[in-house]
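The values are calculated or read from the model by the stated rules, or taken from the named source; none is laboratory data. Quantities reported herein were computed from a predicted structural model and do not represent experimental measurements. We place every Cβ from the backbone using ideal geometry, glycine too, and count neighbours over all the protein chains shown.
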Amino acid sequence: MEGIKANPQNAEKTRLYLKKHKLLAERYKVFRKDSFIYFPITCAPAAADVKALRRIGAMAVSAEFEPSGSDIPKPPDGLRSGIDLLGNIAIIDADPPMARKAASVILSSNKGVTTVLRKGSAVKGVYRKRKYIYVAGKREYTARYNENGCSFTFDVRKTFFSPRLAYERKRVADASRNGENVVVMFAGIGPFAIEIAKKNPDSNVVAIELNRAAYGFMRKNASANRVGNVVPLNADVRKVKRKYGRFADRIVMPLPKDSYDFLDVAEAMAKDGCTIHYYAFGDKGSAYDVHSDKILEFFRKKGRNPRMSFWRVVRPYSPKIIEIVIDFTV
């Protein structure tokens, strides 16, 4: 989760600024670590807020925040990972006895959650689906989830969706410029595409998804969010790369397991000056170096000169593996 780090002497000024500008996520706890105070925030701060916070002596960081007493209390120890809240559905990773205990805590303390499921398998297959097992509440698998001013509906069993990419979706939407041609590869139920399109109503956003079920939900979500500038395609990205050759001012590649294997598709679609948001898994100590070197080598062989502009750790995936994003321009 995104937060703001401040020295103790600047903490009160930081808190007041965040509260005034409606950035303070009051559902989560402020905490102190290594002589710094960490404040949870509702969304990524705009450029003007970043500058103002720097003047105060505070900066944006990623951190783990616990829910405050007004939100879901910490569930019993024994969960293998945190809780994924998808609106009306909470998803946990635990063995059956522990899952039932955690579900009782979640349902009794959050009126918005009506169903608790537990993970029944790893993410598998080309459609990145996993099994879910009913634990408590309504026996329901259709999530109704709100994020960054957009609403999404989808069946968790038939599609891939991670609420842990909410910050990235807002960051990319904020970085996009109105009027761009945008391609979102592996678009899923449409969160990247819809948030970009809503933020930039004059942009043309092509959202490509192979999974027919996810594509169906993407179309419904685009309609529900009234974004007529999204073009949903139920297709293999390789089969439409010629149609969109040198089309894109911006490309989003949110498939961290296999992004490198689709750089040829991105290269074919990218105009000169195109910005590419490239997501990838890698070792904790070397992920950026390994992937940036691979990107440079690939594009230079194509006679193009990529320029790295930004990178960050998106989330830990395992004790030794992280997911990163690299933004670069070709």
Q) Of all residues in segment 204-218, which are surrounded by fewer than 21 Cβ atoms within 10 Å (Cβ to Cβ) and within 15 Å of ARG169 (Cβ to Cβ)? A) none
Q.
Could you check segment 35-63 and list, in sequence order, the residues that are assigned to a helix (DSSP H, G or I) and out of contact with any Leu (no Cβ under 9 Å at 6 or more places or on another chain)?
A. ALA47, ALA48, VAL50, LYS51, ALA52, ARG54, ARG55, ILE56
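For segment 260-311, name all the residues that are among the charged types (D, E, K, R) and either crowded, with 16+ Cβ neighbours inside 10 Å or more than 26 Å from GLU2 (Cβ to Cβ) (or both). Spell out the reasoning first.
Start the filter on segment 260-311 by keeping residues that are among the charged types (D, E, K, R), which leaves 261, 264, 267, 271-272, 283-284, 289, 293-294, 297, 300-302, 304, 307.
ASP261, ASP264, GLU267, LYS271, ASP272, ASP293, LYS294, GLU297, ARG300, LYS301, LYS302, ARG304 - these are the residues of segment 260-311 that are among the charged types (D, E, K, R) and either crowded, with 16+ Cβ neighbours inside 10 Å or more than 26 Å from GLU2 (Cβ to Cβ) (or both).
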Q) How about segment 258-278: which of its residues are within 22 Å of the chain's Cα centre (by Cα) and free of Cβ contacts under 8 Å to residues at least 60 places away in the same chain? A) ASP258, SER259, TYR260, ASP261, LEU263, CYS274, ILE276, TYR278
Q: For segment 309-321, state whether one or more residues are touching a Lys or Arg at 6+ places or on another chain (Cβ under 8 Å) and closer than 18 Å to GLY188 by Cα.
A: no
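Give the residue that is surrounded by the most Cβ atoms within 10 Å (Cβ to Cβ), with candidates limited to residues of segment 147-189 that are among the small types (Gly, Ala, Ser) and assigned to a helix (DSSP H, G or I).
From segment 147-189, those among the small types (Gly, Ala, Ser) are 149, 151, 162, 166, 173, 175-176, 179, 187-188; that's our starting set.
After this cut, where a residue has to be assigned to a helix (DSSP H, G or I) as well, the list is 166, 173, 175.
On the way: ALA166: 18, ALA173: 24, ALA175: 16.
Ranking the qualifying residues of segment 147-189, first place goes to ALA173.
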Q. Somewhere in segment 13-29, is a residue out of contact with any strand residue (DSSP E or B) (no Cβ under 8 Å at 6 or more places or on another chain), over 30 Å from GLU195 (Cα atoms), at pLDDT below 85 and not in a strand (DSSP E or B)?
A. no
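Give the residues of segment 124-146 that are among the basic types (Lys, Arg), over 16 Å from ARG100 (Cβ atoms) and in a loop (DSSP other than H, G, I, E, B), sorted by residue number. Can you show your working first?
Of segment 124-146, the ones among the basic types (Lys, Arg) are 124, 128-131, 138-139, 144.
Within this subset, residues satisfying the condition of being over 16 Å from ARG100 (Cβ atoms) are 124, 128-131, 144.
Hits for segment 124-146 are ARG128, ARG130, LYS131.
Evaluate the following for ILE208: is it under 18 Å from the mean Cα position of the chain (by Cα), part of a strand (DSSP E or B) and modelled with pLDDT of 95 or more?
On the way: under 18 Å from the mean Cα position of the chain (by Cα): yes; part of a strand (DSSP E or B): yes; modelled with pLDDT of 95 or more: yes.
Here the answer is yes, as ILE208 does meet what is asked.
Take segment 318-330 and flag every residue that is surrounded by fewer than 14 Cβ atoms within 10 Å (Cβ to Cβ) and assigned to a loop (DSSP other than H, G, I, E, B). Spell out how you get there, then give the answer.
Quick first cut of segment 318-330, residues surrounded by fewer than 14 Cβ atoms within 10 Å (Cβ to Cβ) only: 318-321.
Scanning segment 318-330 gives SER318, PRO319, LYS320.
Identify, please: which residue in segment 34-66 is surrounded by 12 or more Cβ atoms within 10 Å (Cβ to Cβ) and charged (D, E, K, R) and is, among those, modelled with the highest pLDDT?
Keep residues of segment 34-66 that are surrounded by 12 or more Cβ atoms within 10 Å (Cβ to Cβ), which gives 36-46, 49-50, 52-53, 56-66.
If we keep only those that are charged (D, E, K, R) as well, we get 49, 64, 66.
Working: ASP49: 83, GLU64: 75, GLU66: 70.
So the residue we want is ASP49.
Working only within segment 290-312, note down all residues that are among the aliphatic types (A, V, I, L, M), part of a helix (DSSP H, G or I) and farther than 17 Å from MET269 by Cβ.
The initial filter retains those residues of segment 290-312 that are among the aliphatic types (A, V, I, L, M), namely 290, 295-296, 308.
Next, from what is left, pick out any that are part of a helix (DSSP H, G or I): 290, 295-296.
VAL290, LEU296, listed by residue number.
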